[in-house]
């Protein structure tokens with residue numbers, strides 16, 4: 001076999017494997033995989049700042065994906081972001097007083113909603129509203145507070161009655 005031909009075949013195989021690895025990473029890092037769609041119920045929550053949260057972002061409870069972000073709209077009255085989440089029907093035992101906060105995967109990763117269960121005997125159902133929320137932490141705000149040494153400013157949490 002000609003040495004040039006073997007180099008060409010090896011190079012071609014290397015490039016093909018590189019493209020396959022890129023395709024795999026692209027599908028694994030998006031919110032299009034790792035969650036099977038099926039019957040779900042909608043739950044809403046309002047946040048003062050959602051940061052980089054996007055539609056189809058994961059909703060997790062104890063690190064387990066239980067749903068996805070269905071839509072994000074601005075509430076014209078409160079000027080808060082109203083986030084609607086689609087929670088899979090099989091997770092129907094989540095207490096209605098659960099706490100929702102926007103978290104980041106890693107230091108600079110994608111954002112998701114983390115649910116912390118409350119202690120209410122009644123559970124979330126279609127149309128429920130989560131009142132206990134914590135908005136996204138902005139890296140720029142944290143750096144600014146660190147550099148200026150100030151802790152003041154508007155709180156990023158909301159506990160609406």
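The values are calculated or read from the model by the stated rules, or taken from the named source; none is laboratory data. From a predicted model like this one, the values you see are computed outputs, not experimental measurements. Ideal geometry is used to build each Cβ from the backbone, glycine not excepted, and the neighbour counts take in all protein chains shown.
How many of the residues making up the stretch 90-104 are under 19 Å from the mean Cα position of the chain (by Cα) and farther than 18 Å from residue 49 by Cβ?
Taking the stretch 90-104 and keeping what is under 19 Å from the mean Cα position of the chain (by Cα), we get 91, 94, 98-104.
After this cut, where a residue has to be farther than 18 Å from residue 49 by Cβ as well, the list is 91, 94, 98.
Total satisfying the criteria: 3.
Modelled with pLDDT of 85 or more and either surrounded by 11 or more Cβ atoms within 10 Å (Cβ to Cβ) or under 20 Å from residue 49 (Cβ atoms) (or both): does that describe residue 143?
No.
Please state which one of 27, 11 is at pLDDT 80 or above and more than 30 Å from residue 93 (Cα to Cα).
Working: 27 fails: at pLDDT 80 or above.
11 is the lone residue from the list that is at pLDDT 80 or above and more than 30 Å from residue 93 (Cα to Cα).
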